[in-house]
1. Using R₀ = 25 Å, calculate the FRET efficiency as 1/(1 + (r/R₀)^6) where r is the Cβ-Cβ separation of Gln71 and Glu39; round to 0.05.
2. How far is helix 70-82 tilted, in degrees, relative to the longest principal axis of the Cα atoms in the chain, given as a value from 0 to 90 rounded to the nearest 10?
3. For the chain, what is Rg from Cα atoms divided by 2.2 N^0.38 Å, rounded to two decimals?
4. Could you tell me whether the range 7-53 comes out rounded, prolate or oblate from its Cα gyration tensor? Rule is a ≥ b ≥ c as square roots of the eigenvalues, rounded for a/c under 1.5, then prolate if a/b exceeds b/c, otherwise oblate.
5. With axes computed from alpha carbons, what is the tilt in degrees of helix 16-27 against the longest principal axis of the chain, rounded to the nearest 10 within 0 to 90?
6. Suppose every Lys and Arg Cβ carries +1 and every Asp and Glu Cβ carries -1, with no other charges. What dipole size does the chain come out with about its Cα centre, to the nearest 20 debye?
Amino acid sequence: MYKKEVMVTNQTGLHARPASEFSRTAASFKSDIQIEYGEKRVNAKSIIGLLSAGISFGSKIVISAEGEDEQQAVEALKDLVKTNFGE
């Protein structure tokens, strides 16, 4: 398992468009990918799961992956968050 903590600096947090971009990027990897936020743990490939987590501006999340491309998956998603989902 590979994991990284990252802070969400996008002003609107993980709302509809960023959540869609995040889940689409996660789905492009073979590994199982999870997001941990507080007590919640959600499937990063599920837009509904991401939206239900309530991840807002300033939230610290942990992106973890397990599988053959786990490191590439986590690093790609970490970079997506750090660039504010291209907004």
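1. My answer for the efficiency is 0.45.
2. 10
3. On the way: Rg = 11.2 Å, N = 87, 2.2 N^0.38 = 12.0 Å.
After normalising by residue count via 2.2 N^0.38 Å, the value is 0.93.
4. Working: a/c = 1.76, a/b = 1.22, b/c = 1.45.
Judged from the Cα gyration tensor, the range 7-53 comes out oblate (a/c at least 1.5, b/c at or above a/b).
5. In the chain, helix 16-27 runs at an angle near 0 degrees to the longest axis.
6. The dipole magnitude comes to about 240 debye.
Any read-out appearing in this document is the output of simple, stated calculations on the displayed coordinates, not a laboratory observation. Not measured: the values here are computed from a predicted model. FYI the Cβ positions are ideal-geometry reconstructions off the backbone, even for glycines, and counts take in every protein chain you see.
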